[in-house]
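See structure below.
The values are calculated or read from the model by the stated rules, or taken from the named source; none is laboratory data. It should be emphasised that the depicted structure is a prediction, and the values quoted were computed from it without experimental measurement. Cβ sites come from the backbone with ideal geometry, for glycine too, and all protein chains shown count toward neighbours.
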Amino acid sequence: MNENEQDQQMVWLFVLDRPYKVPAGLTIQDAMEYAGYKLTRGVGCRGGFCGACATVYRIEGQYQLKADLACQKVVEDGMHIVTIPFTPANKKQYDIDAPDMKADAGILLSYYPMVARCVSCNRCNNICPQELEVMEAMNAILQGDVERTARLMFDCIQCGLCSMRCPGEIPQFHIAQLARRLWGKYGESPDQMLTKRLGEITAGKFDEEYDTIMGAGREELQAMYDTRELKLA
Amino acid sequence: MHSCVHCGKCSAACPFTEWMDVLPDQIIRNIQLGRIEEIETMTPWICASCFACMATCPMGVDISKLMNAVKEKVKLRKGEDWTRIDELPETTLREMPQILLVSNFRKYTR
Amino acid sequence: MEEMFFYPGCGLKSGAEGYYTSIRSVFAKLDVNVRELPDWNCCGAVYPLSTDNLIQRGAPIRNLVKARSQGAEVLYVACSMCYNVLKRAEQFAQTRQEEMKRVNELFEEYDDYSGGVEIRHISELLLERLQVVDILGTPQEKKVAPYYGCTLVRPAEFAVPPRILEDILKTVGYTTITFRNTDRCCGAYHSINRPDITRTRVTEILTDAVNEGTEALILSCPLCEYNLAAFNMVDLPILWLTQAVGLVLGVSDLGLEYNRSVIEPFTREASHHE
């Protein structure tokens, strides 16, 4: 036991059933790295936004399999984990600009007809680390309400846990993405701020700034980073 | 099921017998004889659970339920989906109402 | 004003909008406010006939749980398929306590459910209100035939009162025809795998109705309506129950523009009678 371990409380973490003693208070991701894992897949923004680090866990003494994001969830003693870096759910190819595309449930169902297999069991809601109403969003498609689907799933980070849990084998997160895209592009009120910003980009408003960054050397970039304007929430 | 007297009224009442290779009363007989899993038949797929057989049965046999059990246990649990969702053309799907997709998938996919 | 807790089902939201629109308008005329059950989910469209596949019970019973949490004693349903599923699910909840222990685990955010919400079809309230409110349509020559299909009348235990659609249509002034195929299956969900079967069934039903002198077919099932309209070779007008009632009661906004079959000139003549 080293000095560090004496100072702070340690907990047992089981990664693929191998035990590691890790400092309490670390996130699952940090704890794995502490234990010596070099994470190359299943890790992304480290800030709870990218959805790359979905992890299924169980706490000793409990029967439930729970899930969360490895970069957000703090380790607990006796935690058994497996990471789910990728969900091989069916993702359809489509051309969002195709002339027959519109914000219509029929379009969603034509690419993802398995939505109709939903049995309203609520497993998706229970597992969603974003606490979204996934089941309601899928039902909204059956009720022809694409806007509701898009809005309910606005904060989806595409981790894929819902579809891993779904008895109907529905790829909810891909469906939600198409719903948001359809509503964003063809909905009744296209987002005005988005339209404005796209116009600015096309008009070249950011070209100069972009060229400066791309043309900068390493030291120059480091200096820019160190003196950047911090936005505190 | 064991109270079936093989009067054949179910098969007479069924609006779908012209597409069935084994008639509803014959399905019951095959269940009674314990050989339902051995026979090759499309009948459980063709049954639409319209309950016409059940309504006419003098012995109160719930034939729709038996037919459904054959479908679920003999067909679907062996991994045999009658509706291949992946193969449905997108153009067709766009025309179809939700109530049709939901009911079909409930009956014809695992 | 009386209030009716209402479960529309996916059909009335996508495809059968004319049914929903006319339900609102007609019941408003009969002094009934239609209150849609908040956050309802798909009932599953077909009642799960297998006894051990409990997860499929969750969908319909979740709606009953939500209805109860809203204080509903009666939940009215317009779609024939939803009506059948929800009514059978309610009986399941009342009588199958062992299985319900497991089904209830799906609704952890609610108290356990063991029944308590009565499922009724809107035709039942429609007939009652027509008798109470005492608005009668003018007697007319228009001959209409109700098409019950399957799930409104079978299994008998869960059926609406016998001949209720005829009673409603007669009350508002129609001449009704009861034809042989009135409760024979339209082909239901065969339209995906075997549209030929649906086509044959629909043709038989519509031909039968026309041969009996029917001028319009009246129904309440969105799946029947889809099938009948898709293979309507005889161009028989097909109307929702509440549209037929609304026409002769002089109700506007019946959502006739949503109908998939040709309904003119029937609707014009029925609404401009003297």
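Below, the figures for the structure above:
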quantity: Members of the range A:108-144 that are assigned to a helix (DSSP H, G or I), within 17 Å of the chain's Cα centre (by Cα) and over 20 Å from C:E105 (Cα atoms); calculated: A:A137
quantity: The range C:151-182: number of residues that are crowded, with 17+ Cβ neighbours inside 10 Å and either in a strand (DSSP E or B) or not assigned by TED's automatic domain parsing to the domain that holds C:L239 (or both); calculated: 1
quantity: Matching residues in the range A:151-162 - criterion: being in a helix (DSSP H, G or I) and surrounded by fewer than 23 Cβ atoms within 10 Å (Cβ to Cβ); calculated: A:R151, A:L152
quantity: Hey, C:N227 of a type outside the set (G, A, S), assigned by TED's automatic domain parsing to the domain that holds C:C150 and surrounded by fewer than 24 Cβ atoms within 10 Å (Cβ to Cβ) or not; calculated: no
quantity: Failed item in (1) buried (at least 19 other Cβ atoms within 10 Å of the Cβ); (2) at pLDDT 95 or above; (3) not basic (K, R), with B:P58 passing the rest; calculated: (1)
quantity: Filter result (more than 8 Å from chain B (Cβ to nearest Cβ) and of a type outside the set (S, T, N, Q)) within the range C:48-61; calculated: C:D52, C:L54, C:I55, C:R57, C:G58, C:A59, C:P60, C:I61
quantity: Residues that are modelled with pLDDT under 95 and part of a loop (DSSP other than H, G, I, E, B), drawn from the range C:115-150; calculated: C:D134, C:I135, C:L136, C:G137, C:T138, C:P139, C:Q140, C:E141, C:K142
quantity: Residue in the range C:246-267 that is under 16 Å from B:L100 (Cα atoms) and at pLDDT below 95 present; calculated: yes
quantity: Test set (1) in contact with a helix residue (DSSP H, G or I) (Cβ under 7 Å, 6 or more places away or on another chain); (2) hydrophobic (A, V, I, L, M, F, W, C); (3) part of a helix (DSSP H, G or I); (4) more than 10 Å from chain B (Cβ to nearest Cβ) - C:V210 fails condition number; calculated: (1)
quantity: Matching residues in the range A:105-129 - criterion: being farther than 13 Å from B:R106 by Cα and within 8 Å of chain B (Cβ to nearest Cβ); calculated: A:A105, A:G106, A:I107, A:L109, A:S110, A:Y111
quantity: Helices (runs of 4 or more DSSP H) enclosed by the range C:1-109 - at least 3 residues per element that are more than 14 Å from the chain's Cα centre (by Cα); calculated: C:17-29, C:55-69, C:80-95, C:97-103
quantity: Residues within the range A:84-96 that are more than 12 Å from A:L178 (Cα to Cα) and loosely packed, with under 15 Cβ neighbours inside 10 Å, tallied; calculated: 2
quantity: Any hit, the range A:105-124, residues being in contact with a helix residue (DSSP H, G or I) (Cβ under 9 Å, 6 or more places away or on another chain) and under 30 Å from A:P19 (Cα atoms); calculated: yes
quantity: Residue list for the range B:69-110, restricted to those being of a type outside the set (K, R), touching a residue at least 24 places away in the same chain (Cβ under 8 Å) and farther than 29 Å from A:A140 by Cβ; calculated: B:V70, B:V74, B:G79
quantity: Qualifying helices (runs of 4 or more DSSP H) (wholly inside the range B:25-110; at least 1 residues being at the interface with another protein chain (Cβ under 7 Å from one of its Cβ atoms)); calculated: B:52-56, B:63-69, B:90-95, B:98-108
quantity: Residue count, the range C:88-112 (criterion: closer than 20 Å to C:V77 by Cβ, more than 14 Å from chain A (Cβ to nearest Cβ), surrounded by 17 or more Cβ atoms within 10 Å (Cβ to Cβ) and without any contact (Cβ under 8 Å) to a residue 60 or more places away in the chain); calculated: 3
quantity: Flag if C:A78 is at pLDDT 95 or above, touching a helix residue (DSSP H, G or I) at 6+ places or on another chain (Cβ under 8 Å) and closer than 18 Å to C:A45 by Cβ; calculated: yes
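Listed here are the residues, each with its yes/no results for (1) at pLDDT 95 or above; (2) among the aliphatic types (A, V, I, L, M); (3) within 22 Å of C:A59 (Cβ to Cβ); (4) in the same structural domain as A:H174 (by TED's automatic domain parsing).
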| residue | (1), (2), (3), (4) |
| --- | --- |
| A:L65 | no, yes, no, no |
| A:C71 | yes, no, no, no |
| A:E76 | yes, no, no, no |
| A:N90 | no, no, no, no |
| A:Y112 | yes, no, yes, yes |
| A:E133 | yes, no, yes, yes |
| A:E136 | yes, no, yes, yes |
| A:C156 | yes, no, no, yes |
| A:C162 | yes, no, yes, yes |
